[in-house]
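Everything on this sheet refers to the single structure shown next.
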Amino acid sequence: MTIADVAALAEVSIPTVSRVLTGAATVSPAKMARVERAIKVLDYRPNAAARMLVSRKPRTVAILTGDTSHYGYAETIRGIEESARAEGYAVLIAVIENASDEAVEKAIAVTVSQPLAGLFVLKFDAQGSAALQRIPRNIPVVALSGLRDTSIPQAMLDEVSAAEELTDYLLDQGHQTVHHVRIPPSRREDGRTTGWKRSLRRAKCEIPEVLDATWDPLSGVAIGAQLFTRKDVTAVFCGNDEIAMGVIRGILDAGGRVPQDVSVVGFDGHPLGEIWSPPLTTVVQDFVDMGRRGFELMRQEIEGLGGRRYSKVRPPLVVRGSSGPPPGANRS
């Protein structure tokens, strides 16, 4: 069904139907009743393009992201998309292939060439951070995650405090220090690494050299095997759950036991972590909720409501079977 079908059944002009849909101008009660009756009879639902033509306002939002497949990215995008769809917005997703100037500028140029109501940036990695520096500010922009930027609205998870709590937990188990396997950061140091360091500094513990993994969980396998050869390693905090699963596999393949020889913890709350062997101790981040909170900030920007520009939630620690006291400690 089209707007023309509604106009024909209601015996009014197409502009009259448009005015009823948008409330842009006064329509007589009789005509309004006929249009509303026709809409109901025909079960008419204007698509995004039609709504834009009628209202002269775009009904599409875009997401700039460095990835769509990894857990945190995919769940955040899902939260944005579900909220946008509920409000009648279409969603365009553009992947920034890498953090080079050329790749970032190309992704932005292609994206902003479309009529957009707003633009989300997933600030999970170097691509997202670079994009925020280059995006034109003539459309509403909302950042998700990353370092706090007071110049734009932002939805976040308090990774610093959560990582600090996770490291504190391992120290409370009796470990002398905690080694850290980092995922590729969005800047020189991300919130997970910052929280880990804060905990160790406060406890006056040695801060080991950071080990860098890629986004590929297989990189964690090699690191796990390497760490198991070191007698000073009893606890490992991995930058995400997928890398933690790889580290566990590497330790097990090298003949080690988790957590009896080495405790391994992750971050994010990947669904597979609960059924991994052993089940993974982690910080459970609600990325879908962050996406929804991000869309609410965007809606306020689009509608000019002047609401709050910052939303942060602290994710909880969930202790499972991959962590415990160090070797030789009382495990009762």
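Given springs between every Cα pair under 10 Å in a Gaussian network model of the chain, which of V181, V319, V288 has the largest fluctuation?
Comparing V181, V319, V288 in the GNM, the peak value goes to V319.
Going by a ≥ b ≥ c, the root eigenvalues of the Cα gyration tensor, does region 98-248 fall in the rounded group (a/c under 1.5), the prolate group (a/b larger than b/c) or the oblate group?
It comes out prolate by the Cα gyration axes.
Counting Lys +1, Arg +1, Asp -1, Glu -1, what net charge surrounds A213 among other residues with beta carbon under 11 Å of its beta carbon?
-2
Based on the Cβ-Cβ distance from I275 to R309, what FRET efficiency comes out when R0 is 25 Å, to the nearest 0.05?
Calculated transfer efficiency: 0.05.
Among T16, P316, V141, which residue has its Cα furthest toward the positive end of the charge dipole of the chain, with +1 on Lys/Arg Cβ and -1 on Asp/Glu Cβ?
It is T16, whose Cα lies furthest towards the positive end.
Based on a Kirkwood Rh over C-alpha pairs, give the Stokes-Einstein translational diffusion coefficient of region 239-317 at 25 °C and viscosity 0.890 mPa s in µm²/s.
167
I'd like to compare 64-73, 210-219, 77-86: which one has the highest average count of other Cβ atoms within 10 Å, and what's the full order after that?
Ranked from most to least packed, the peptides come out as 64-73, 77-86, 210-219.
Restricting to the chain, what percent of DSSP beta bridges are antiparallel, rounded to 5?
5
Which residues' amide hydrogens lie under 5 Å from the amide hydrogen of R320, considering only partners 5 or more residues apart or on another chain, with H built in the peptide plane?
T281, T282
Compute, for region 3-46, the length of the dipole vector about the Cα centre, with Cβ point charges of +1 (Lys, Arg) and -1 (Asp, Glu) only. Units Debye, rounded to 20.
With only Lys, Arg, Asp and Glu charged at Cβ, the dipole is about 100 debye.
Taking R0 as 51 Å, what FRET efficiency do you get between Q226 and N138 from their Cβ-Cβ distance, rounded to the nearest 0.05?
The value I calculate is 0.55.
So if I average 1/r over every pair of distinct C-alpha atoms in region 76-153 and take the inverse, what Kirkwood radius in Å does that give?
Kirkwood radius, region 76-153: 13.0 Å.
In bins 20 Å wide, starting from 0, what share of all Cα pairs of the chain does each bin hold, as a percent?
All Cα pairs, binned at 20 Å, distribute as 29, 43, 21, 7, 0 percent.
Where a ≥ b ≥ c are the square roots of the eigenvalues of the C-alpha gyration tensor, would you call region 159-285 rounded, which needs a/c under 1.5, or, failing that, prolate if a/b is larger than b/c, or oblate?
rounded
For the chain, give the magnitude of the charge dipole about the Cα centre (Cβ charges: +1 Lys/Arg, -1 Asp/Glu; no others), in debye to the nearest 20.
1100
Along the principal axes of its C-alpha atoms, what lengths does region 3-46 span, in descending order and rounded to whole Å?
Cα extents, longest axis first: 23, 19, 15 Å.
Just in region 121-165: which trypsin sites (Lys or Arg not before Pro) are loop by DSSP and have at most 15 other Cβ atoms within 10 Å?
Passing sites in region 121-165 are R137, R148.
If each residue's Cβ is checked for other Cβ atoms within 10 Å, how do S263, S28, S129 rank with the fewest at the top?
The order, fewest Cβ neighbours first, is S28, S129, S263.
Determine the distance separating the Cα centre of region 56-99 from the Cα centre of region 113-130; give it in Å without decimals.
Here the two parts' Cα centres lie 9 Å apart.
Among G128, G266, G307, which one moves the most in a GNM of the chain with springs linking Cα atoms closer than 10 Å?
Of G128, G266, G307, the most mobile in the Gaussian network model is G307.
Counting helices only, and only those DSSP H runs with n ≥ 4, report the 222 nm mean residue ellipticity of the chain as the sum of -39,500 (n - 2.57) divided by its residues, in deg cm²/dmol to the nearest 500.
One gets -13500 deg cm²/dmol as the mean residue ellipticity at 222 nm.
We did not get these values from a lab; they are worked out from the coordinates using the rules stated. Remember, it's a predicted structure, so these values are computed and weren't measured experimentally. Positions of Cβ are backbone-derived with ideal geometry, glycine not excepted, and every protein chain shown enters the neighbour counts.
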